[in-house]
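Trainee: Structure in structure tokens, see below.
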Amino acid sequence: MKIVLLDTATMGDDMEFSCIERLGECVKYKNTLPEEVPERIKDADVVVINKVLLSRDVLQYAKNLKLICVFAIGYNNIDIEYCKERNIRVRNVPGYCVESVCQHTFALLFMLMENLRYYDDFVKCGDYSKSGVANHLGRPFFEIAGKKWGIIGMGAIGRAVADCATSFGAEVCYSSISGAVRREKYENVPLETLFKECDIISVHAPLNEKTMHLIGEKELKMMKNTAYIVNVGRGAVIDEKALADAVDSGIISGAALDVFTTEPPTENSPIMNIKNRERIVYTPHTAWSSVEARKRCISMTAENIEAFVKGESRNDVWS
């Protein structure tokens, strides 16, 4: 069985893949350009990717392909309909990064809400030492306690964030994008109510036809001008031009983003040209990537491949 890994660099140079390598003939590529994909997968039985796009036009060259594994929860970079036609199984790794993304959600919020960059710079540049005052209150910050926190995307990560927010004293609600009725201990409210009433909104939703630009100019204008929004789901869930305008004009108090519509974002992207830089915090799609989460991701992928060889169903994204 030939296993081809197309973009191991996205998992970090500190990771090793022996649990996958022992399962068959294994070929690893750090990065793969779009034009290189057909040649590299043409005789593969199993292809493992993270960010590489596997479209119908590319997959048609993989005549032996039986399984695609993705180092991720999301799989919108794979042509699922074509995989169904060819009976190519597709398996993801749900739940591997819940703790990592939850933790990062709060790290982003704290940096934004508590103006940590400003205070860190104030000490490091020597201004604090020169001030002669025991404390400095140059920028106000606020407590989570007593705030209303809205969750968009109440999956495993959304629930973990909701539980942590509750422990900080927030009142939590959520909106169901799919419309599915579920038993949750948090209140399910209409999106309009969530935008209007919440002080903090965090996005944990996947990208699909229902969530594409779910949050645009209209929704942002519903929000309080003291509200913060954190996106650790998918970039295109928020209209970046509308968000940039909302941050710069003070429609909302600030935003923190770990995900972008185009990754990495271009230099002329509206989200990269916000003038009020103190109102925006960025990280480069890293919320998922704690050392522990990446190790879990690789080991779960090996388990997915091993289960496939044994004829067992495990984490199939279609059936």
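Trainee: Restricting to region 251-267, give me the number of residues that are out of contact with any helix residue (DSSP H, G or I) (no Cβ under 8 Å at 6 or more places or on another chain) and either at pLDDT 95 or above or open to solvent by less than 40 Å² (accessible area, probe 1.4 Å) (or both).
Mentor: Qualifying residue count, region 251-267: 0.
Trainee: Would you pick out the residues in region 96-115 that are in contact (Cβ under 8 Å) with a residue 24 or more places away in the chain and open to solvent by 40 Å² or more (accessible area, probe 1.4 Å)?
Mentor: Within region 96-115, GLU99, GLN103, MET111, GLU114 meet the criteria.
Trainee: Sort out which residues of region 29-45 are under 26 Å from THR286 (Cα atoms) and either surrounded by 15 or more Cβ atoms within 10 Å (Cβ to Cβ) or over 27 Å from the mean Cα position of the chain (by Cα) (or both), and write them in order of number.
Mentor: Result: TYR29, THR32, VAL37.
Trainee: If you go through region 206-264 one residue at a time, how many are in contact (Cβ under 8 Å) with a residue 24 or more places away in the chain, more than 23 Å from ALA156 (Cβ to Cβ) and out of contact with any Gly (no Cβ under 8 Å at 6 or more places or on another chain)?
Mentor: Within region 206-264, residues that are in contact (Cβ under 8 Å) with a residue 24 or more places away in the chain, more than 23 Å from ALA156 (Cβ to Cβ) and out of contact with any Gly (no Cβ under 8 Å at 6 or more places or on another chain) number 24.
Trainee: For region 46-77, how many residues are open to solvent by less than 60 Å² (accessible area, probe 1.4 Å), out of contact with any strand residue (DSSP E or B) (no Cβ under 8 Å at 6 or more places or on another chain) and of a type in the set (S, T, N, Q)?
Mentor: From region 46-77, those open to solvent by less than 60 Å² (accessible area, probe 1.4 Å) are 46-50, 52, 54-55, 58-59, 62, 65, 67-72, 74, 77; that's our starting set.
Keeping just the survivors that are out of contact with any strand residue (DSSP E or B) (no Cβ under 8 Å at 6 or more places or on another chain) gives 52, 55, 58-59, 72, 74.
Right, trim to of a type in the set (S, T, N, Q) and you get 55.
Here the count works out to 1.
Trainee: In region 210-220, what residues are among the acidic types (Asp, Glu) and either surrounded by 16 or more Cβ atoms within 10 Å (Cβ to Cβ) or closer than 14 Å to GLY179 by Cα (or both)?
Mentor: Going through region 210-220, the residues among the acidic types (Asp, Glu) turn out to be 217, 219.
Hit for region 210-220 is GLU219, nothing else.
Trainee: When both residues are 6+ apart or on different chains and their Cβ atoms are under 7 Å apart, which pairs have a first residue that lies in region 280-295 and is of a type in the set (A, V, I, L, M, F, W, C), and a second that is part of a strand (DSSP E or B)?
Mentor: Partner pairs satisfying both residue conditions: ILE280/GLY254; ILE280/ALA255; VAL281/ALA256.
Trainee: Quick check, is SER178 surrounded by fewer than 19 Cβ atoms within 10 Å (Cβ to Cβ), under 21 Å from the mean Cα position of the chain (by Cα) and of a type in the set (S, T, N, Q)? Working first, answer last.
Mentor: Values: surrounded by fewer than 19 Cβ atoms within 10 Å (Cβ to Cβ): yes; under 21 Å from the mean Cα position of the chain (by Cα): yes; of a type in the set (S, T, N, Q): yes.
Against the criterion (surrounded by fewer than 19 Cβ atoms within 10 Å (Cβ to Cβ), under 21 Å from the mean Cα position of the chain (by Cα) and of a type in the set (S, T, N, Q)), SER178 qualifies.
Trainee: Inside region 1-101, counting only strands (runs of 3 or more DSSP E) that do not spill past its ends, which hold 2 or more residues that are touching a Ser or Thr at 6+ places or on another chain (Cβ under 8 Å) and over 27 Å from VAL237 (Cβ atoms)?
Mentor: Numbers: elements: 2-5, 25-28, 46-49, 67-70, 89-91.
So the answer is none; nothing clears 2.
The values are calculated or read from the model by the stated rules, or taken from the named source; none is laboratory data. This structure is a prediction, so every number in the text was calculated from the model and none was measured. Quick reminder, even Gly has a Cβ in these numbers, built from the backbone with ideal geometry, and neighbours come from all protein chains shown. Calculation scope for accessible area: heavy atoms of the full protein, side chains included, ligands and nucleic acids excluded. Shrake-Rupley method; radii C 1.70, N 1.55, O 1.52, S 1.80 Å.
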